[in-house]
Amino acid sequence: MKSILLHIHDDLGQESRLQAAFDLARATGAHIRCVQVTMLPDLVAADLYGGAGFAPTIMAELKEIDCKAQAEVEARMAREGVQWDWMQCEGEAVRGILSAARLSDLIVATLPRGPRRSMRDPLAIVPDLALGGRVPVLGVPQAATRFAVTGRVLVAWDGSQEAAAALRSAVPLLRLAEAVLVVTIEEGGKDVFPATDALEYLSRHGVEAELRSWPRQGEAVDEALMRAVGALAVDWIVMGAYGHSRLRETVFGGVTRRLLRDAPIPLLLAH
């Protein structure tokens, strides 16, 4: 991976995003593109009660805040000794990031710790970024202090197109990993793409991987996967995003929804 898009926003998740981007850049020699999106508040954007009349004043204030944040981040980037550039745009965050990510290899964004209650809480945009574009997304937990590129990796494999897309996109990083564990959750009666094919694919790319078939023990798939994450002591996860429809996962729950909410380690997602 040689081109990383880093979401810049002055929130409580920015430090974890920066650290992950620095770790990636140093491990791969990648260039970091910092993308800052100045967002118009929802009330003004919707023009409720004539709110658009205040838009120029509000936008001027937001730009001033963003300019200050930009100066601080640029000074930090210069100290870290990585290759980087800066892109500024206005509008809605997901649309702006995806537009800037067309020639990126990876997007770095935050997995929030909980519901957004203040302007300082990170935006919950990882699902929309994963579904809305063709670029894999690294969701970094808000409290993360690093991204262990060369650590232990769990590849969640169910044979789906989404899982295959995530696996393919992760190959450049999997080559650097200490251990790659391809984990399948036992699902009785489900016809899946043979897990050994995932290992064969990785071996052709110079990645040695180990297959683990994980028992469900009467629990849901997401519970079994979360148990595997803890028991195998992995540092990050590769998985397909929303193998079922997003509406179905929202209503009935699902693996993607559970991991986005509760994963204690970074998730590399693709759809």
- Report the calculated FRET efficiency for T57 and R26 (r = Cβ-Cβ distance, R0 = 45 Å), to the nearest 0.05. 0.60
- Message: If you fit an axis through the alpha-carbon atoms of helix 161-174 and take the longest principal axis of the Cα set of the chain, what angle between them do you get, 0 to 90°, nearest 10?
- Response: 80
- Query: How far, in degrees from 0 to 90, does helix 55-80 lean away from the longest principal axis of the Cα atoms of the chain, to the nearest 10?
  - Reply: 60
- Query: What is the magnitude of the charge dipole of segment 90-204 about its Cα centre, with +1 placed on the Cβ of each Lys and Arg, -1 on the Cβ of each Asp and Glu, and no other charges, expressed in debye to the nearest 20?
  - Reply: 520
- Query: Which order do L103, L173, L211, L62 take by accessible area at a 1.4 Å probe, largest first?
  - Reply: L103, L211, L62, L173
- Query: Cα-based Rg of segment 142-184 per 2.2 N^0.38 Å, rounded to two decimals?
  - Reply: 1.24
- Task: For helix 195-204, report the angle its Cα long axis makes with the longest principal axis of the Cα atoms of the chain; keep it between 0 and 90° and round to the nearest 10°.
- Result: 70
- Query: Taking the Cα centre of the chain as origin and charging only Cβ (+1 Lys, Arg; -1 Asp, Glu), how large is the dipole, in debye to the nearest 20?
  - Reply: 200
- Task: Let me have the 222 nm mean residue ellipticity of the chain computed from DSSP H runs of 4+ only, each contributing -39500 (n - 2.57), with the sum over all residues rounded to the nearest 500.
- Result: -12500 deg cm²/dmol
- Can you pull the percent of the chain's accessible area that's carbon plus sulfur, 1.4 Å probe, other chains left in place? 52
- Give the residue from S160, V149, W86 lying farthest towards the positive end of the charge dipole for segment 78-169; charges sit on Cβ (+1 for Lys and Arg, -1 for Asp and Glu) and the dipole is referred to the Cα centre. V149
- Want the number for R117 to A78: 0.36 nm per residue separation, take away the alpha-carbon distance, what's left? 10.8 nm
- Task: Express the Stokes-Einstein translational diffusion coefficient of segment 110-223 in µm² s⁻¹, to the nearest whole number, given a Kirkwood radius over alpha-carbon pairs, 10 °C and a viscosity of 1.306 mPa s.
- Result: 99
- Message: Counting pairwise Cα distances across segment 106-176, what percent come out greater than 19 angstrom?
- Response: 44
- Task: Would you mind working out the accessible area per residue for the chain, using a 1.4 Å probe, and quoting it in Å²?
- Result: 49
- How much length is gained on full extension from R146 to S213, taking 0.36 nm per residue of separation minus their Cα-Cα distance? 21.3 nm
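The values are calculated or read from the model by the stated rules, or taken from the named source; none is laboratory data. Just so it is clear, the model here is predicted, and its values are computed rather than measured. Backbone-built Cβ (ideal geometry, glycine too); neighbour counts: all protein chains shown. Quick note on the areas: whole protein, heavy atoms, side chains included, nothing else; ligands and nucleic acids left out. Shrake-Rupley method; radii C 1.70, N 1.55, O 1.52, S 1.80 Å.
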